[in-house]
Amino acid sequence: MEQSFNPYLPELATVIKIIDETPNIKSYRVVFDDPEKMKTFSFEPGQVGQLYVFGVGEATFVINSPPTRMEYLQFSVMKAGEITNAIHDLHEGDQIGVRAPLGNSFPYDDMKGKKILFIGGGIGLAPLRTLILFMLDNRKDYDDITIIYGSRTPLDLCYKDELREWESRSDVNLILTVDNEYPGWHKRTGFVPTVLNEVAPSPDNTVAITCGPPIMIKFVLQNLAKLNFKDDHVITTLEARMKCGIGICGRCNIGSKYICKDGPIFSLVQLKESGAEI
Amino acid sequence: MAETGFLPKEKIDGFLEALSKDALVYMPVLEGDVIIFRPFKPGNTLCLDRPANSPPKSVIYPQSDVLFSYNYKKETDDPKKVSIEIETHMDYPKAIIFGCRPCDAMGFTVYDRVFIESNGPDTYYQGRRDETIIITLSCPAPSAGCFCTALGSGPANKEGSDVLMTGLENGFLFEPVSEKGKAILAMPGIEGGSQHLQEAQKKQQDAYNAVKKPFPSISHTEISRKRFDLDEFWHKAVSKCVSCGACTFLCPTCYCFNFTDEQTLESGERIRSWDACMFYHFTLEASGHNPRATRFLRYRNRVGHKFLFYPEKYNGVIACCGCGRCIRYCPVSVDISEIVSQLRSPE
Ligand SMILES: Cc1cc2nc3c(=O)[nH]c(=O)nc-3n(C[C@H](O)[C@H](O)[C@H](O)COP(=O)(O)OP(=O)(O)OC[C@H]3O[C@@H](n4cnc5c(N)ncnc54)[C@H](O)[C@@H]3O)c2cc1C
Ligand code: SF4
Ligand code: SF4
Ligand code: FES
């Protein structure tokens, strides 16, 4: 039988570089083994992929390198369980399977000409990183860019080289925070939602995009509402246990919406319509 | 497709044997006191007395299916380098499902929208679907729990079948539904059937009238969203449920699945198996958070999927065919038709 596209078949890829981000997060740069696939592969900022460790299983991660930089695909993986532990055991040169791109993407066209406010916590910076780099590579399309990013301790901040770079740029306003005082830390302390309140960015012509642990997202959304951000100018990403990633296996629905297909990125308007608990 | 065929009763064995010459024929067989679809072979006796205990969904959507296998290979020029080779096996044999009920056949149309039309095509499902012919037997009489007519279907519904058979005094009337079904009429043993059509239609109508209607024919918009969203309603409605998942595994319209991976030393397989939204682990996230942590949330999702969410996606089509299996075989007698009828009565 002639084979048509098989949505469950992973594409073979090789890990070309592993970067230690934090004590429990590593970034993996991977390249498809088929050079043709590498050339023709395309995706949109915010889309995710399933990384497959042969014999162990698959888990979902956002492609956190931007489509404007296609030498490799980067995934950042926090240790959480069986598969993420197996990923942390990989070495440079190892082969893995990749099913990507899956899911929807950030509506970056609608954000053109607007001010952008990123609010991230911990590994939640991963999806934001894609969009930040994409916007920096198309800098003139966007107005002010503010990034509020926090983690438990300074050691838990991801992408430290890039944070340094963004901090030094005059066209990016980066605000870093850690939960508590920490030896040698002279920037802000306090939880991300609290820092958001202190910074009190103006909602005028501004889109807020947030990702982090569910509890952080919950309070960030509340605080954005207090700052008078409109629901259609607030964007967040949702998590769920994902298996198929293509809207069939039945795991990730909220009502008739599937996070793996209709998401993971939703505006607050869409979330409220779907009746999702946040 | 006006032409009909007639198979005299005594010719049925020969007919099945002829069918099985170039296809795998699955038919309902009595094993102990359950009826199960098994391949036609000597010693397996056809049993058409009542709907099979489990639907024939596994013929097209196997309970456990190897999606691909892989091998580790040493590279010849560099023995330290190992690479992976993936293989798929998708040459599906021709298959015939013989003697399933209209609800079972209709179940496949529920899958078609998901696996082929909207998210796919799912290569595995489509491959088997294309190679399968469905010969359905119209139900002579409803079984306990059947409520197909309340869902706009019925004991002689043709949706999803390639041929609809109706059992008569001396044999079976064959009404082709699709081109595939027409080809079946050319099989040896089949005679012209037009003189039996009237008798068959009367039988079909009698069966239709005999099916219990727990509620008048329903469309999904008649479900009270307010009650559906009410936790207390579900607490009460499914307090007995023990999360065993029998209702989903025996359901011809349930299709949730999981993947598992098996590996020996130098090779392995990725396997897709049926799973069930009634299980706690189904939606458990790595953080420990579980959006459907309780039985009532899971059962609500099951009913919601069939009667609200699926219809929202697919032009109002309800993803339940009223076969009644989940009612007949639930160990604690949770009755979905009762719950749905409560969901549609005014607040
Ligand atoms: C759209 C999306 C994007 C994502 N992006 C990223 C990303 O960029 N980076 C990232 O790091 N993560 C990301 N994630 C999260 C990531 O997918 C999960 O952390 C990952 O799937 C965890 O897989 P695991 O196999 O390691 O964990 P598992 O082993 O599946 O889970 C372990 C946890 O599950 C529970 N558990 C599992 N089995 C049992 C049991 N038998 N009994 C009790 N408890 C049990 C426990 O809480 C345990 O700690 C994303 C998720 C989604 C949906
Ligand atoms: S068969 Fe009955 S007890 Fe088992 S999960 Fe279904 S409703 Fe619950
Ligand atoms: S939900 Fe129950 S009645 Fe409906 S199709 Fe499934 S098993 Fe049959
Ligand atoms: S992950 Fe399978 S339906 Fe979304």
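Which value at 222 nm does chain A reach when only helices count, each DSSP H run of 4 or more adding -39,500 (n - 2.57), with the total divided by all residues and rounded to the nearest 500 deg cm²/dmol?
On the way: 7 runs with 63 residues, N = 278.
Rounded to the nearest 500, it is -6500 deg cm²/dmol.
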Fill in the blank from the handout: Cα extents of the stretch B:40-140 along the principal axes, largest first, in whole Å, come to 68, 39, 21
Exercise for the section: Filter the cross-link list B:213/B:313; A:17/B:81; A:261/B:180 down to pairs whose alpha-carbon distance in this structure exceeds 22 Å. Expected result: B:213/B:313; A:261/B:180
Exercise for the section: Could you work out how far the C-alpha centroid of the stretch A:74-102 sits from that of the stretch B:105-163, in angstrom? Expected result: 40
Exercise for the section: Measure out, as a whole number of angstrom, how far apart the alpha-carbon centroids of the stretch B:1-77 and the stretch A:168-236 sit. Expected result: 59
Handout entry: Binned Cα-Cα distance frequencies in chain A - 5 Å width, integer %
Key = 1, 5, 12, 17, 19, 17, 14, 9, 4, 1, 0, 0, 0
Problem - Shape call, the stretch B:266-322: gyration tensor on alpha carbons, a/c limit 1.5 - result: oblate
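Just want to confirm a number: the relative contact order over chain A, from Cα pairs under 8 angstrom separated by 6+ residues, in percent.
Numbers: 547 pairs, mean separation 47.1, N = 278.
Here the relative contact order equals 17 percent.
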Problem - Where only C-alpha atoms are counted, convex hull volume of the protein assembly as shown per residue in Å³ - result: 184
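Once you mark the GluC sites (Glu not before Pro) that are in a DSSP loop and have at most 10 other Cβ atoms within 10 Å, what is the longest gap between them in chain A? Spell out each step's value before the answer.
On the way: sites that count: A:2, A:71, A:181, A:277.
Longest site-free region, per DSSP loop and neighbour criteria: A:72-180.
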Handout entry: P(r) of the stretch A:78-217 over all Cα-Cα pairs, binned every 5 Å from zero, in whole percent
Key = 2, 8, 17, 20, 20, 14, 10, 7, 2, 0
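Going by the alpha-carbon gyration tensor, a ≥ b ≥ c the square roots of its eigenvalues, is the stretch B:98-209 rounded (a/c under 1.5) or, if a/c is not under 1.5, prolate (a/b greater than b/c) versus oblate?
Oblate shape, in that a/c is at least 1.5 and b/c is the bigger or equal ratio.
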Practice task
Any chance you could get the radius of gyration and Dmax over the Cα atoms of chain B, in Å?
Solution key: 22.3, 76
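Evaluate E = 1/(1 + (r/R0)^6) for residue B:284 and residue A:170, where r is the Cβ-Cβ distance and R0 equals 60 Å; express this FRET efficiency to the nearest 0.05. Please list the in-between numbers first.
Details: r = 46 Å, r/R0 = 0.77.
Efficiency, from the Cβ-Cβ distance: 0.85.
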Exercise for the section: Calculate the radius of gyration of the Cα atoms of the stretch B:150-282 to one decimal place, then report Dmax, the largest Cα-Cα distance, as a whole number, both in Å. Expected result: 22.3, 65
Completion exercise
Per its Cα gyration tensor (rounded if a/c is under 1.5, else prolate when a/b beats b/c, else oblate), the stretch A:1-154 is best filed as oblate
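How big is the Rg/Rh ratio for the stretch B:110-162, C-alpha atoms only, Rh by Kirkwood, two decimals? Walk me through the numbers on the way to the answer.
On the way: Rg = 13.9 Å, Rh = 13.0 Å.
Rg/Rh: 1.07.
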Handout entry: FRET efficiency estimate (nearest 0.05) - Cβ-Cβ, residue B:89 to residue B:338, R0 51 angstrom
Key = 0.70
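Neighbour counts of other C-beta atoms within 10 Å: give me B:244, A:244 arranged from fewest to most. Don't jump to the answer; show the numbers that get you there.
On the way: B:244 15, A:244 26.
The most exposed by this proxy come first: B:244, A:244.
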Completion exercise
Along the stretch B:71-86, Karplus-curve 3J(HN,Hα) (6.51, -1.76, 1.60; θ = phi - 60°) to the nearest Hz, with x for Gly and Pro, reads 10, 8, 10, 7, 7, 5, 7, 9, x, 7, 8, 10, 10, 9, 10, 9
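Structure shown: which of B:9/B:158; A:26/A:272; A:39/A:114; B:94/B:212 lie over 28 Å apart, alpha-carbon to alpha-carbon?
Values: B:9/B:158 22 Å; A:26/A:272 34 Å; A:39/A:114 32 Å; B:94/B:212 37 Å.
Checking Cα-Cα distances, A:26/A:272; A:39/A:114; B:94/B:212 exceed 28 Å.
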Problem - Residue order, fewest to most beta carbons within 10 Å, for B:114, B:25 - result: B:114, B:25
Practice task
On each of the three principal axes of the Cα atoms of the stretch B:233-347, give max minus min coordinate, whole Å, ordered largest first.
Solution key: 61, 30, 28
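Read-outs throughout are calculated quantities, based only on the coordinates presented, and are distinct from any laboratory measurement. Keep in mind it's a predicted model, so treat the numbers as computed, not measured. Glycine gets a Cβ as well: all are built from the backbone with ideal geometry, and neighbour counts include every protein chain shown.
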